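Scroll down for the structure; my scribbles are underneath it.
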Amino acid sequence: MLDAIMKIFGKTDKSSKDIARDRLKVVLIHDRANISPEVMKLLKDDIIKVISNYMEINKQDMEITLANDETSVALVANIPVQRMKHSSKIPK
């Protein structure tokens with residue numbers, strides 16, 4: 001959690017070894033969950049579409065990944081919100 005916050009503010013003290021290890025973890029998690037990169041892209045696009053109905057988001061900086069422990073896999077989304085939309089603009 002702290003890493004995500006630090007990343008948001010552009011501060012990181014991770015070495016290239018740590019970054020490579022984190023990327024490998026993401027690849028392994030996706031592999032274990034049997035979700036292809038294409039499906040992850042479709043999922044991300046759908047999430048953007050739905051959330052954009054209610055708020056303006058920074059699509060370039062959002063991150064959607066899978067995290068797992070020994071018993072489950074979780075979808076983890078870090079979506080920077082720029083502002084909420086007015087209720088009159090929300091589709092009915």
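Read the figures in this text as sums done on the coordinates, not as results from a lab. Keep in mind it's a predicted model, so treat the numbers as computed, not measured. Note that each Cβ is placed from the backbone with ideal geometry, even for glycine, and that neighbours are counted across all protein chains shown.
For MET55, the residues whose modelled amide H falls within less than 5 Å of its own, excluding neighbours fewer than 5 places apart on the same chain, are LYS85. Between ILE48 and LYS14, the simple spin-label model (points 7 angstrom out along Cα→Cβ) gives 2.2 nm.
Across segment 16-25, rounded Karplus estimates of 3J(HN,Hα) from the backbone phi angles (6.51 cos²θ - 1.76 cosθ + 1.60, θ = phi - 60°) give 4, 5, 5, 5, 4, 4, 4, 5, 5, 4 Hz, Gly and Pro being marked x. Cross-link pairs exceeding 31 Å in C-alpha to C-alpha distance, out of LYS25/LYS85; LYS25/LYS49; LYS17/LYS49, comprise LYS25/LYS85; LYS17/LYS49.
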